[in-house]
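Single-structure report; data block below.
The values are calculated or read from the model by the stated rules, or taken from the named source; none is laboratory data. What you see is a predicted model, and the numbers here were worked out from it, not measured in a lab. Cβ: placed from backbone, ideal geometry, glycine included. Neighbour counts: every protein chain shown. These accessible areas exclude ligands, DNA and RNA; they are computed on the full protein's heavy atoms, side chains included. Shrake-Rupley method; radii C 1.70, N 1.55, O 1.52, S 1.80 Å.
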Protein chains: 2
Amino acid sequence: MGVERSALLYEGKSKRVFATSDPDLVILEFKDDATAFNGVKHALISDKGRINCALSAYLFDRVREAGVDSHMVEKISDTELLCRNVEIVPVEVVVRNFVAGSLAKRYGLEEGGRLARPLVEFFYKSDDLNDPLMGWDVPVILGWTRDWEMAFMKEQALQVNVILCAFWDDLGIDLVDYKLEFGRRPGGALVLADEITPDGCRLWEKGTGRKLDKDVFRRDLGDLSATYHEVYQRVFGAELGA
Amino acid sequence: MGVERSALLYEGKSKRVFATSDPDLVILEFKDDATAFNGVKHALISDKGRINCALSAYLFDRVREAGVDSHMVEKISDTELLCRNVEIVPVEVVVRNFVAGSLAKRYGLEEGGRLARPLVEFFYKSDDLNDPLMGWDVPVILGWTRDWEMAFMKEQALQVNVILCAFWDDLGIDLVDYKLEFGRRPGGALVLADEITPDGCRLWEKGTGRKLDKDVFRRDLGDLSATYHEVYQRVFGAELGA
């Protein structure tokens, strides 16, 4: 497409966003950085940027085929996605199929049980406040989102869940939980944004329960780069090229 | 009524519940104990039991007149309410009209602003877990409540809010926020339960913002007994008798 990077608009923990010559398009660059516990733990993970870029592009394509639009236009390099420009909604939408992580801790539940049905939780996107949980009404009453946006995000998150559960299931993996973000387009329409990668998912190997996601890093369970390479291999049926 | 206390069924931080000769009736006794920060701070507050018993009885009467039923049958002594026996739903229902307390802290908001509309939040009733916040779906999916119970509690809480806001407003007091609990009757119907007292409300004097509730104790702002006596005086137009 010949789109070129211009100013760095935003640098996050695992991605950079660049402006382009077209004000409606941005470039998302995936970094090798892994962080946990709100940035307290940090490391560089070999090939993480390339693997997450490839997985995100692939999964955004799968959900789009199934009718859920996203900000992604196309993958333009090993570590870059060309995306439509959006204003990120300050809500992290978490979908859970099994009890794990903060859900287990918050309510004193044992990790590993499958929930009776998928649970959607909303968190206020704020590093300073450690992304606090919110009920549905809070962001609406405080003016951060609108009621229809909450409904839209919940419905899309559950639609994405059907697609992704089937996808990972076919690869012998349980999709335990994951985080989605949405963005506002000019005019106000919402689209799925950010990324879909093992950074923001919990993926457990069926049968063994072996973790194939960023918990390997958070909980010091092994080599995260090797884990991400394995996920890449399962998804694409081939090793990541040099 | 000639109902007599038998076995102590439950002792909480500020109340005791006794069985009676009628299995469908219990006696709620209000204690002088004040606690804060999940029991870490504790004191005996002179006349608190009598004042809270009188206020709860009075306010349960006011909300019943306005169509919201409760577990209360009648006040049977200075510190005791005769109540229908209920199984307490493990959900604390918090209604907020202004930004204060944990809402302010959780989302980095300044205390004191009036919310665009009343906010209802749900917390899992668990001292061990520090009463964690829950979205609507969590207790339903985990089997702690049913969807209709959540809807019922939210609707009743908002109905109670209209009644209580008008009540305190007439006394020159803003009802900032408060906690309600509900109980299941044999057969499954829900009724408002527990208590309605300044232990579980935030009450701010209009104009001055002076606190007339348990925050006086939590935040060491003065003499809690004198504060509760003042609230009693405002509600009943007379001093509490000896």
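Points to keep in mind about this one:
- Looking across segment A:127-164, the residues that are small (Gly, Ala, Ser) and either touching a helix residue (DSSP H, G or I) at 6+ places or on another chain (Cβ under 8 Å) or within 23 Å of B:Met150 (Cα to Cα) (or both) come down to A:Gly135, A:Ala151, A:Ala157.
Each row is one residue, and each column tells you yes or no for (1) in contact (Cβ under 8 Å) with a residue 60 or more places away in the chain; (2) in contact with a Leu (Cβ under 8 Å, 6 or more places away or on another chain); (3) under 18 Å from B:Gly183 (Cα atoms).
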residue	(1), (2), (3)
B:Glu4	no, no, no
B:Tyr10	no, no, yes
B:Arg16	no, yes, yes
B:Asp24	yes, no, yes
B:Ala34	yes, yes, no
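- So B:Gly112, is it in a loop (DSSP other than H, G, I, E, B), out of contact with any helix residue (DSSP H, G or I) (no Cβ under 6 Å at 6 or more places or on another chain) and not assigned by TED's automatic domain parsing to the domain that holds B:Lys154: no
- Residue list for segment B:156-183, restricted to those being within 14 Å of chain A (Cβ to nearest Cβ) and open to solvent by 20 Å² or more (accessible area, probe 1.4 Å): B:Leu158
- Some residue of segment A:184-205 being touching a residue at least 60 places away in the same chain (Cβ under 8 Å), within 19 Å of the chain's Cα centre (by Cα) and within 14 Å of another protein chain (Cβ to nearest Cβ): no
- Residue tally, condition facing another protein chain (nearest Cβ under 10 Å), open to solvent by 20 Å² or more (accessible area, probe 1.4 Å) and farther than 18 Å from A:Lys105 by Cα, over segment B:103-112: 3
- Candidate set from segment A:117-155 (those that are more than 8 Å from chain B (Cβ to nearest Cβ) and closer than 19 Å to B:Ile141 by Cβ); member that is most open to solvent (accessible area, probe 1.4 Å): A:Glu155
- Spans of strands (runs of 3 or more DSSP E) in segment A:1-92 with at least 1 residues open to solvent by less than 20 Å² (accessible area, probe 1.4 Å): A:15-20, A:25-30, A:33-36, A:72-77, A:80-84
Results for (1) outside the structural domain of B:Lys48 (by TED's automatic domain parsing); (2) closer than 19 Å to A:Ile141 by Cα, shown as yes or no for each residue.
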position: B:Arg62; (1), (2): no, no
position: B:Ala66; (1), (2): no, no
position: B:Ile76; (1), (2): no, no
position: B:Glu92; (1), (2): yes, no
position: B:Gln159; (1), (2): yes, yes
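- Pairs linking a residue in segment B:151-176 that is without any contact (Cβ under 8 Å) to a residue 40 or more places away in the chain and more than 17 Å from B:Gly67 (Cβ to Cβ) to a residue that is outside any helix (DSSP H, G or I) and open to solvent by less than 30 Å² (accessible area, probe 1.4 Å), with Cβ atoms under 6 Å and 6 or more positions apart or on different chains, are B:Trp168/B:Leu175.
- Number of the condition not met by B:Ala34 [criteria: (1) at pLDDT below 95; (2) more than 26 Å from B:Asn161 (Cα to Cα); (3) among the small types (Gly, Ala, Ser)]: (2)
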